[in-house]
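Worksheet: the structure to be examined is printed underneath.
Nothing in this text is a laboratory measurement; each read-out follows from the coordinates by a stated rule. Since we're looking at a predicted model, the values are computed, not measured. Backbone-built Cβ (ideal geometry, glycine too); neighbour counts: all protein chains shown.
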Amino acid sequence: MGRELKQSYFKKIMSIRGMGQVLTVTVGLAVLFIVFGFLNPTFASSKNIGNLLRQIAPIVLIGIGQSFVLITGNIDLSIGSVVGMSCMISATLMTKGVNPWVAVVITILCCLSVGFINGELVAKCKLPPFIATLGTMTISRGIAQIVNNNYNTDSIGEGAKTFRDIFYYGKTLGLYNTIWIAIILWAVFNFLLSRTRTGRHIYAVGSNIEASKLSGVSIVGTTVKAYLVSSFCAAVVGLIICATSGMGTMDAGNMYEMYAVAASVIGGVSTLGGQGILLGTIIGAAIWGVLQNGLQFAGAPVAIRNIVIGIIVVVSVLLDVVVRSGKPKRKNESSGKVGFKLKA
């Protein structure tokens, strides 16, 4: 009886979309950790693990945002520039004497406006997501450059000490606050994606947009929500970078769109839409962090690290395309009928 229950529970877990790849990459993560720990014992030290987790946390956050968008079948190339915009706007406001928490609210609202525009351009105006977010990527980077007259900001000062402690330097229950921020936001957005109607609609839009329309799903509203999550996560990462350096830098967030895609795709989120879970995004971000950190301890130059990450992303996407294109279509899909039902 107990064995049957265990088998039933295992089948239930494996039936979750994307769980198979999550388990596979988890094994890969464990192998990487063992290999790098063997090559350099310092890699597995408690001090390095703490710093590694703090480095992974922002990647988890932008990976969450990109995952929401990818699951709808779209992509957000502006996410890195929104990170830079967040860093520069918040730092500029604080150096001008604005209360740090007022600056945080203003910054998040500005970043959310980019997400709203992205969603409207893609879903309502029917622009290809690559073009729409490429445009907002350039605009956001321009805003990051212009807010302080094309200069990095001065130090945000001692008045922002609490802000810096909460977003980066402080600890709670033995963990850096940056890690707690990632854990809390992951829990919130994982609940949103897996337990709510909005989450079901996001999967539905990515699986079959025409069937979603017939089922009464608001394509525009759902797409906008996904892009709002992406821009919110980017805003938080920008605040973390600002707290880390104590100033605003115009190039903050460079390459972060790549890191976001890497965390999502390696973790099993499909670039074709409709598949993936946020647990995989954590594993994907962890693999990225372990590779970067482990190769650094192994003495590999930055160029080699970037090449390795790039190859892994390409291979992950290629495998996803091969697996998805090789699956036989369900009878109701081939006949043009709606293949799923949505709960109200």
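For the set LYS126/LYS213; LYS96/LYS225; LYS96/LYS171, the pairs lying more than 23 angstrom apart at their alpha carbons are LYS96/LYS225; LYS96/LYS171. Let me know the shape class of the chain, please: from the alpha-carbon gyration tensor, a ≥ b ≥ c as square roots of the eigenvalues, rounded when a/c is under 1.5, otherwise prolate if a/b is greater than b/c, or oblate. The shape class here is oblate. Extension gain, ASP251-VAL188: 0.36 nm per intervening residue step, less the Cα-Cα distance, totals 19.8 nm.
Packing here is the average count of other Cβ atoms within 10 Å per residue, and on that basis the peptides 142-153, 194-205, highest first, run 194-205, 142-153. Taking 0.36 nm per residue of sequence separation and removing the Cα-Cα distance, the VAL315/LYS161 pair yields an extension gain of 51.1 nm. Does region 217-302 come out rounded, prolate or oblate by the C-alpha gyration tensor, with a ≥ b ≥ c the root eigenvalues, rounded set by a/c under 1.5 and, if not, prolate when a/b is larger than b/c and oblate if not? The shape class here is oblate.
Estimated at 0.36 nm per residue, the fully extended path between GLN296 and TRP101 surpasses their Cα-Cα distance by 66.6 nm. GNM on the chain, alpha-carbon springs under 10 angstrom: the most fluctuating residue among ALA252, ALA30, ALA182 is ALA30. Would you please state which residues of region 230-267 a label at ASP154 would reach in this model, taking the label point 7 Å out along Cα→Cβ and a backbone N cut-off of under 19 Å? Flagged as within label range: 242-243, 245-250. Would you please classify the overall shape of region 13-116 from the alpha carbon gyration tensor, given that a ≥ b ≥ c denote the square roots of the eigenvalues, rounded means a/c under 1.5, and beyond that prolate means a/b larger than b/c while oblate covers the rest? It is oblate, given that a/c is not under 1.5 and a/b is not larger than b/c.
Spin-label pair LYS171-LEU32: with each label point 7 Å from Cα along the Cα-Cβ axis, the two points sit 2.6 nm from one another.
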